[in-house]
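K.L.:
Attaching a single structure in structure tokens format; questions to follow.
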């Protein structure tokens, strides 16, 4: 399956199609022109040739690419949009949505192109998408380009979240070019190759419902059910209503997703309905952030002036978004009671999933009645001094592991707090509860769920600054840490340390 050029005859000046050996299907494009617009990527100027910025060999293996793909100049051109891929059928998809709680009308893939769907090594189908490959009919006066800064952030975040066990889209690679792109300042162009079983969003359903295109809405819902939720056809729940069952299944996956986000300290930053995956994946990494100090009210998006998407509000926003999806599906469900019951699956499942993850973070492998108050007390303790979230959990894990060896690392944990009295009281309460567990098992669990490394903004910023100077080593080194975030990685203590003072000046917005 090595990457070779297709020798089919072609028009003069048109790049030769690149053959990858991938088996393409392109099922979503086959839904027709109501759903997609067929168009090719826009090539970057020949005066600014592409170059590799970052590559995920793990995603390449997932897709079934040949091992030499990372050195292929032909594939580099194709994944920048400068040459077609044999078998692909590029389209931009149309959707609508609510942005910051306000109906925004028609949106769509303004800078993304779905190349098609391929048969992966272990999956029934994986969609491949280029983000930043030029203007589409849905660009809304934009240039359709992505910049190096945001592309590196999305590439690294996609792979970091996957390694943390969080449901997410993936990223095969980032390619860069010196072609200028104007944002707040003049930056350089880049393209992210994204991979997921599907990029369908809540907004795809909202689009057809808002236009009263109910036949198209039904076709879309049937496609999603048959491809991704076939059990909805056979369930007896919801009076056998497959569309209500679909809504319930999406609600359940969304609950699991939000529990992952909250437990790992991830702030999405722009939870618009057009950024919500129908498969419960983390979708569209823009102004995201992993918490530094624990602040429930933290707002990571500089554009979010009202704090709608603050960290602690994310779970309720997801519930609101599910109501928007329910409203879009009502012409198919036709029963408000069934629809509300399906959405309420989220309210029932989310606290259970969140408790499950926090018990694991605390090493509590059994469940007891007073665990919830202990979890709440832990978060109050952290919020009191805005204690570094990731470092606290990692040091707590190391303290429990040391206790198994008959040692103690409590002082390193205590040093995180200025006022140690509340901490000492909490630690006594926690260790009493932990004594009821098998502590070697607890330590193992904690070290496997409380990462040493997360993609802090300042780490990403360092890699971006080097990449702007044509030094891609920072991206590669950071990716290696984030792909195995629970390992110790000797020699990389700085990347697991406290943010430097300058990190607080980093601002991320919807253009990030």
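What follows is calculated from the coordinates using simple rules that are stated; it is not laboratory data. All values reported here derive from a predicted model rather than from experimental measurement. With ideal geometry, Cβ positions are generated from the backbone for all residues, glycine too; neighbour counts draw on all protein chains shown.
K.L.:
Ordered by packing density, taken as the mean number of other Cβ atoms within 10 Å over each peptide's residues, highest first, how do 22-32, 311-321 rank?
P.N.:
Numbers: 22-32: 16.9, 311-321: 18.6.
Packing order, densest peptide first, comes out as 311-321, 22-32.
K.L.:
Quick one: helix 439-449 against the long Cα principal axis of the chain, what's the angle to the nearest 10°, folded into 0 to 90?
P.N.:
Helix 439-449 sits roughly 30 degrees off the main axis of the chain.
K.L.:
Tell me, in nm to one decimal, what length is gained between residue 431 and residue 502 on full extension, where the rule is 0.36 nm per residue of separation less the Cα-Cα distance? Write out the running numbers ahead of the final one.
P.N.:
Details: separation 71, 0.36 × 71 = 25.56 nm, distance 3.64 nm.
Here the answer is 21.9 nm.
K.L.:
Let me ask something else. I want to verify the translational diffusion coefficient of segment 216-335 in µm²/s; compute it with Stokes-Einstein, Rh as the Kirkwood radius over Cα pairs, at 4 °C and 1.567 mPa s. Before the final figure, lay out each step's value.
P.N.:
On the way: Rh = 15.4 Å.
After rounding, the answer is 84 µm²/s.
K.L.:
Where does segment 166-218 land on Rg/Rh, using Cα atoms and the Kirkwood Rh? Intermediate values should be presented prior to the final figure.
P.N.:
Details: Rg = 17.2 Å, Rh = 14.4 Å.
Using only Cα positions, Rg/Rh for segment 166-218 is 1.20.
K.L.:
By per-residue mean of other Cβ atoms within 10 Å, what is the highest-first order of 469-482, 131-144? Write out the running numbers ahead of the final one.
P.N.:
Numbers: 469-482: 16.9, 131-144: 18.8.
Order by mean packing, descending: 131-144, 469-482.
K.L.:
Any idea what angle helix 420-434 forms with the longest principal axis of the chain, computed on alpha-carbon atoms, 0 to 90 degrees, nearest 10?
P.N.:
Helix 420-434 sits roughly 80 degrees off the main axis of the chain.
K.L.:
Would you kindly state how much longer the chain becomes between residue 368 and residue 448 on full extension, computed as 0.36 nm times their sequence separation minus their alpha carbon distance, in nm to one decimal?
P.N.:
Details: separation 80, 0.36 × 80 = 28.80 nm, distance 2.19 nm.
Net length gain for the segment: 26.6 nm.
K.L.:
Report, largest value first, the span of the C-alpha coordinates of segment 151-263 along each principal axis, in whole Å.
P.N.:
Cα spread of segment 151-263 along its principal axes, largest to smallest: 56, 36, 22 Å.
K.L.:
Tilt of helix 214-228 relative to the longest C-alpha principal axis of the chain, in degrees (0 to 90, nearest 10)?
P.N.:
The answer is roughly 60 degrees.
K.L.:
Kindly rank 177-189, 101-113 from highest to lowest mean number of other beta carbons found within 10 Å of each residue.
P.N.:
Details: 177-189: 15.2, 101-113: 18.0.
The packing order, highest mean first, is 101-113, 177-189.
K.L.:
So, one more: Please work out the FRET efficiency for the pair residue 380 and residue 334, using the Cβ-Cβ distance as r and a Förster radius of 60 Å; give the result to the nearest 0.05.
P.N.:
Working: r = 45 Å, r/R0 = 0.75.
Efficiency, rounded to the nearest 0.05: 0.85.
K.L.:
Moving on to the next point. Taking the C-alpha atoms of segment 4-199, how large are the radius of gyration and the largest Cα-Cα span, Dmax, in Å?
P.N.:
Rg then Dmax for segment 4-199, in Å: 16.2, 51.
K.L.:
From the C-alpha coordinates alone, can you work out the Kirkwood hydrodynamic radius of the chain, in Å? Each step should come with its number before you reach the end.
P.N.:
On the way: mean 1/r = 0.0415 Å⁻¹.
Every distinct Cα pair counted, the radius reaches 24.1 Å.
K.L.:
Can I ask one more? Rounded to the nearest 500, what is the chain's calculated 222 nm mean residue ellipticity when only DSSP H runs of at least 4 contribute -39500 (n - 2.57) each, over all residues?
P.N.:
Details: 15 runs with 208 residues, N = 512.
Mean residue ellipticity at 222 nm (helix-derived): -13000 deg cm²/dmol.
K.L.:
Give the distance, in whole Å, between the Cα centre of segment 230-306 and the Cα centre of segment 85-130.
P.N.:
About 18 Å separates the Cα centre of segment 230-306 from the one of segment 85-130.
K.L.:
Separation of segment 444-489 and segment 347-424 by C-alpha centroid, Å?
P.N.:
Computed from Cα coordinates, the inter-centre distance equals 24 Å.
K.L.:
With labels modelled as points extended 7 Å from the Cα through the Cβ direction, what inter-label distance (nm, one decimal) is found for residue 305 paired with residue 402?
P.N.:
Result for the modelled spin labels: 4.8 nm.
K.L.:
How big is the antiparallel share of DSSP beta bridges in segment 4-199, given as a percent to the nearest 5?
P.N.:
Of those bridges, close to 95 percent are antiparallel.
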